Each structure stands twice: as C-alpha cells, then as structure tokens.
Amino acid sequence: MLDERDAAGPGRTWAADVPDGAPSIRAAGGVVWRPADEPDQAAPGARRAGMLVCLVHRPRYGDWSLPKGKLEPGEHPLLAAVREVAEESDVRAVPQVRLPTVRYRSEGRPKVVDYWSMRAVADGGFQPDTEVDEVRWLGVDEAIRLVSYPHDAEVLAAFAALPAVTGTIALVRHAHAGKRATWSGPDTGRPLDARGWAQAHALAPLVALVRPARLLSASARRCVQTLDPAAALLDLPIEVDGDLDEPRPGQQPDECALAAAARLSALATSGGQVGVCSQGKVIPGALERLTGRTDDFTTPKGGGWLLAFAGDRMLAADRL
C-alpha cells in the first residue's frame with residue numbers, strides 16, 4: 001500500500017504547504033458492495049463472507065481508491081455520494097450507513113470526504129474513460145491490500161466491522177406548515193405553506209435515494225403533503241398510518257413513541273427500503289427506543305434521518 005504523501009499526484013499537497021484558513025473542498029463517495037455469489041464473481045479472503053466491494057483505478061494518479069467526487073454547488077453530500085459512485089463506476093447504489101469522514105489536503109486546500117456504505121442494485125456496464133479506466137470487485141481484505149491510501153483502508157475496515165444491513169428507512173419530519181395559532185380548522189388539516197412545499201421538494205430526491213418500495217405517512221395533512229413530491233418522483237402511493245401520529249388529547253407521548261418505534265422496526269424487519277414521514281413529538285422518542293440512547297434526536301421541520309437495520313436492530317441513524 002502506498003503512503004498517500006509518496007503517492008501524491010497533481011493537485012495533492014500537504015498540511016505544511018496549505019495556507020491557514022483555506023476553504024475546504026467537499027467531496028463524497030461510498031463503499032459499494034454486492035453479494036459475491038452473483039455470476040462470475042468470487043470473494044477471495046473476504047472478511048465479510050460473501051461480499052464484494054468496488055474499487056476504481058484513476059489513470060491520472062495511478063491509484064486504486066474508493067469511488068468519490070466533489071459536491072456540486074449546493075448539493076447534499078448524500079446525493080453527491082450516490083451520483084459520484086454512479087459516474088465513476090456506473091453502479092447505481094442504495095446508501096445505508098455513514099462511514100468515517102476522511103480529511104486531507106488537495107489542490108492547496110483542506111479536503112473533506114464523506115462516505116457511506118451502499119448496496120449495489122444496478123450496473124449500467126462500465127466504460128473506461130480518462131477519469132476511471134478500470135473497476136474491480138474484490139473481497140474486503142483484498143481491497144484493503146490494494147487501495148493506495150491508508151485512509152481508504154480505514155474506511156473499508158469500518159465497513160467490514162458492520163453487520164449486514166437488511167433494511168433501510170428514510171425517516172423525515174413534516175415540512176413547514178405555518179403556525180398552529182393562525183390555522184382555524186382542525187390541526188390535522190393544517191397544510192404546508194410555501195416554505196414547506198420548497199422543503200418537501202428538496203426532501204424528495206433524498207427519500208428517493210433509498211429506492212423505497214413503500215411510502216408511509218402520519219395522518220396529518222402536512223405529513224402526507226411532505227411526501228407528495230417523493231410519491232410523484234417514485235410513482236408510489238402514500239399509505240396513511242396512525243402509528244406514526246403525534247399524541248391525541250389524553251394520550252401519553254411515550255405511548256406514541258413506542259408505537260412508532262415498533263412500526264419502524266416492523267417495516268425494517270420486512271426487508272428492503274421504505275420512506276416514512278412522522279411528526280416532531282414522535283420521532284425523538286421513537287429513535288431513543290430504537291437506539292437505546294438518549295442522544296439529541298430533535299428533528300427540524302423538513303429534516304430527517306437515514307436509518308439502517310440488521311433484522312429488527314437499528315445499526316445507525318444518520319441525519320439527512
């Protein structure tokens with residue numbers, strides 16, 4: 001394995017050469033995996049038995065690395081990660097768990113690269129070009145030996161330590177819907193305002209990244225409307241589910257959080273990917289129960305989480 005300093009190519013510099021205060025370059029990518037039992041594939045020495053991961057060769061640097069690339073202006077890192085994986089390897093993938101963030105120096109500036117584990121779901125047929133001229137699918141151990149930089153090996157090792165992900169949920173809180181005091185009708189009928197619709201449209205491509213087979217919403221109108229742009233993008237119906245609702249008068253918040261946690265766990269246990277919209281008084285308590293932790297799970301309107309499960313056990317909750 002090359003030391004990254006020794007392997008530096010054009011545009012790569014080091015801490016002593018970078019001026020203080022230089023703005024960071026943002027990039028994102030993934031450890032993309034697929035089962036090793038797909039046709040004509042083998043997994044020599046894989047630590048995660050039966051899994052292959054994707055590496056790309058860049059002729060400009062003569063290196064082997066994880067697929068990644070720079071964010072476009074205003075682009076969400078997770079959107080960039082999935083897009084760059086597709087552009088470099090021609091693999092369409094579903095993001096699952098956030099992996100360690102890598103920091104180094106490039107083009108005279110600090111560079112920050114966010115990584116996610118991703119399940120490959122489609123392959124368009126790779127064609128070599130000047131950016132990437134070869135793609136290899138390898139067992140994790142062999143990939144760790146081949147990558148040119150220690151930080152890529154560390155990201156791969158973090159991936160190898162994870163249990164296999166069996167279910168993924170994009171969980172969002174409803175978008176902005178004005179103030180309850182200014183709405184004269186039943187609170188369940190309060191609609192999104194202009195700001196909320198903008199948030200809902202921004203959420204749609206993030207929800208779509210998990211390629212959900214189902215979309216579920218709490219019964220409040222603003223929750224259903226928050227998923228409307230995603231439903232149009234994915235051509236899916238929205239299923240209304242009362243287990244995702246905020247407490248009714250006389251109902252205890254813990255009761256709703258427990259019901260929502262059980263529903264999310266059941267959805268994950270059924271396998272595959274799901275998009276869910278719930279409410280601000282439900283999501284934190286549900287995530288506390290699923291994680292067994294009392295972290296700050298407060299979720300802003302129009303915000304959300306990428307949840308990854310192994311069976312009925314939640315492995316990770318990553319803020320969107």
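The values are calculated or read from the model by the stated rules, or taken from the named source; none is laboratory data. Here the structure is a predicted model, which is why all the values come from computation and not from measurement. Cβ coordinates were reconstructed from backbone atoms using ideal geometry, including for glycine residues, and neighbour counts include every protein chain displayed. What goes into the accessible areas is simple: the full protein's heavy atoms, side chains included, and nothing from ligands, DNA or RNA. Shrake-Rupley method; radii C 1.70, N 1.55, O 1.52, S 1.80 Å.
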Residue-ordered couplings for the range 283-295, obtained by feeding phi - 60° into the Karplus form 6.51 cos²θ - 1.76 cosθ + 1.60 and rounding to whole Hz (Gly and Pro as x), are 4, x, x, 5, 5, 4, 6, 6, 8, x, 10, 10, 5
The range 118-234, Kirkwood Rh and Cα Rg, ratio Rg/Rh at 1.17
For Arg60, the net charge from surrounding residues (Cβ-Cβ under 10 Å; K, R +1; D, E -1) works out to -2
Once all protein chains are kept in place, Met51 shows an accessible area at probe 1.4 Å, nearest 10 Å², of 20 Å²
Dividing the mean separation of Cα pairs under 8 Å (6+ apart) by the residue count of the chain yields a relative contact order in percent of 18 percent
One finds the C-alpha centres of the range 216-294 and the range 62-110 to be spaced, in Å, by 30 Å
Under 18 Å between C-alpha atoms, the lysine pairs in the chain lying 8 or more places apart or on different chains count 5
For the range 49-195, Rg(Cα) over 2.2 N^0.38 Å is 1.35
In order over the range 153-163: 3J(HN,Hα) from phi, Karplus 6.51/-1.76/1.60, θ = phi - 60°, whole Hz, x for each Gly or Pro, gives 5, 5, 5, 5, 5, 5, 4, 4, 7, 7, x
CD proxy, 222 nm, the chain: helix-only mean residue ellipticity via -39,500 (n - 2.57) per DSSP H run with n ≥ 4, per residue, nearest 500, stands at -8500 deg cm²/dmol
Diffusion coefficient in µm²/s returned for the range 234-320 by Stokes-Einstein, Kirkwood Rh over C-alpha pairs, 25 °C and 0.890 mPa s, is 183 µm²/s
Note on the range 180-249: contact order normalised by length, alpha-carbon pairs under 8 Å, 6 or more apart, percent, works out to 34 percent
Yeah, the range 49-103 with a ≥ b ≥ c from its alpha-carbon gyration tensor (a/c under 1.5 is rounded, else prolate when a/b outruns b/c, oblate otherwise) is oblate
Leu209 neighbourhood, Cβ < 11 Å, K/R = +1, D/E = -1, net charge +3
Of every Cα-Cα pair in the range 122-162, the percentage lying beyond 15 Å is 52 percent
Taking the chain, the whole-percent share of alpha-carbon pairs separated by over 36 angstrom is 25 percent
Carbon plus sulfur, as percent of the 1.4 Å-probe accessible area of the chain, comes to 51 percent
Net charge (Lys, Arg +1; Asp, Glu -1) of residues whose beta-carbon lies under 9 Å from that of Val112, Val112 excluded, is +2
